Amino acid sequence: MELIDTHCHIDVEEFDEDRERVLDHCRQTGITRMIVPAVMAKTWDHLTTVCIDAPGLYPAYGLHPIYTDHHSDADLLALEKRLQDSRPIAVGEIGLDFYYKKELSDSDRLKQQTLFDAQLAMAQENKLPVVLHVRKAHDAVLMALRRTPVVGGTCHAFNGSLEQAHRYIDMGFKLGFGGMLTYERSHKLHRLAKELPIDSLVLETDAPDMTVASHHGERNSPEYLPECLAALAQTRGDSLEYVAEHTTKNAESVFSFDSVESSVNDT
C-alpha cells in the first residue's frame with residue numbers, strides 16, 4: 001500500500017533532531033509522499049531545503065491566517081515571485097480562522113480576508129491548487145472561492161457540515177481526515193467520513209499537531225498516518241487496501257507531483 005500525507009509540517013523544529021529517522025520509518029511503512037505547507041514567509045527557505053534534501057517531500061508556499069500580525073505586503077510580493085520562479089505543489093496553508101481568538105475583531109477578520117483573497121488570486125493566476133485552513137469560517141471561505149475560483153485543492157482537517165462538504169467537492173476539493181478520526185468522541189467526524197464519497201477523501205496528519213489517540217499528549221508524526229488510514233477504513237467499513245488506494249488516487253488527482261519533482265530538482 002502506498003500512502004500520501006497531504007498535510008505535514010515536517011520542516012518545523014520539533015523534527016530537527018530526528019527528521020531523517022522519521023522519514024526513513026515512513027518510507028518503510030509505505031508513506032512515500034508528503035505535502036509540506038508553509039505558514040510564514042520566514043520559513044520558506046528552510047522548508048525548501050528540507051524538501052530538496054529528502055525524496056517524496058513537496059513544498060507548498062503561503063501565509064497562514066492566524067499569523068496576520070506577522071505578515072506584510074512585502075511577504076505577498078515575495079510569495080508572488082516565488083510562485084512564478086518555482087512550481088510548488090500548491091499555495092498554502094491559506095484560509096480563514098475565526099476561532100483561534102476568543103474575541104476576533106472586525107479588523108482581524110478583514111486582515112484575514114484580504115490576505116486570503118490575495119493568495120487565492122495568485123493561485124488562480126498560476127493555476128495551482130490550494131491547501132485550505134478553515135475554522136468556523138466555511139461559508140466565508142466558500143464565498144471567496146466562488147469569487148475567485150481555483151483548480152481545487154484540499155480542505156485540511158475538515159470539520160464542517162455535510163452540505164458544506166459537498167460544496168467544496170463541487171469546486172474540485174478533497175477533504176482531509178487525520179488524527180481526530182482516531183478518537184471515539186469524534187462522532188461528527190465519524191459521520192462525515194462514513195457519509196462522504198470515498199473519492200472526496202484524503203489522509204493527513206498535520207504533524208506535529210493533532211496527534212492520534214494512541215499518542216495523545218505527544219508530538220504527532222507522519223509515522224502515524226497508517227492509524228488514520230485504519231480509523232477511516234473502520235469507520236466506513238472498507239478494507240485498508242481499498243481506502244489506501246482511493247485516498248492516494250484522490251491526492252494525485254488534485255496535486256501534480258511529477259511537475260513539482262522536476263521543479264524542486266532544478267532548484
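Mind checking which residues of segment 39-54 are polar (S, T, N, Q) and touching a residue at least 12 places away in the same chain (Cβ under 8 Å)?
Kept after step one, since they are polar (S, T, N, Q), are these residues of segment 39-54: 43, 48-49.
Correct list: 43, 48.
For the structure I just gave you, tell me whether residue 238 is of a type in the set (D, E, K, R), closer than 13 Å to residue 7 by Cα, modelled with pLDDT of 95 or more and assigned to a loop (DSSP other than H, G, I, E, B).
no
Give all pairs with beta carbons closer than 6 Å in which a residue from segment 121-140 that is surrounded by fewer than 15 Cβ atoms within 10 Å (Cβ to Cβ) meets a residue that is of a type in the set (A, V, I, L, M, F, W, C); count only pairs at least 6 apart in sequence or on separate chains.
These pairs meet every condition: 127/151; 136/98.
Residues being acidic (Asp, Glu), assigned to a helix (DSSP H, G or I) and closer than 21 Å to residue 130 by Cα: count how many of those fall in segment 1-60.
Qualifying residue count, segment 1-60: 1.
Could you tell me which numbered condition residue 81 fails, if it satisfies all but one of (1) surrounded by 19 or more Cβ atoms within 10 Å (Cβ to Cβ); (2) over 27 Å from residue 158 (Cα atoms)?
Unmet for residue 81, out of (1) surrounded by 19 or more Cβ atoms within 10 Å (Cβ to Cβ); (2) over 27 Å from residue 158 (Cα atoms): (1).
Just name the residue that is modelled with the highest pLDDT out of those in segment 246-260 that are surrounded by fewer than 18 Cβ atoms within 10 Å (Cβ to Cβ) and farther than 18 Å from residue 173 by Cα.
Per the criteria, the residue is 258.
Of the residues that sit in segment 169-181 and are of a type outside the set (D, E, K, R) and crowded, with 22+ Cβ neighbours inside 10 Å, which one is nearest to the chain's Cα centre (by Cα)?
The selected residue is 176.
What single numbered condition from (1) of a type in the set (Lys, Arg); (2) surrounded by 14 or more Cβ atoms within 10 Å (Cβ to Cβ); (3) at pLDDT 95 or above fails to hold for residue 87?
So residue 87 meets the others, but not (3).
The values are calculated or read from the model by the stated rules, or taken from the named source; none is laboratory data. Remember, it's a predicted structure, so these values are computed and weren't measured experimentally. Cβ: placed from backbone, ideal geometry, glycine included. Neighbour counts: every protein chain shown.
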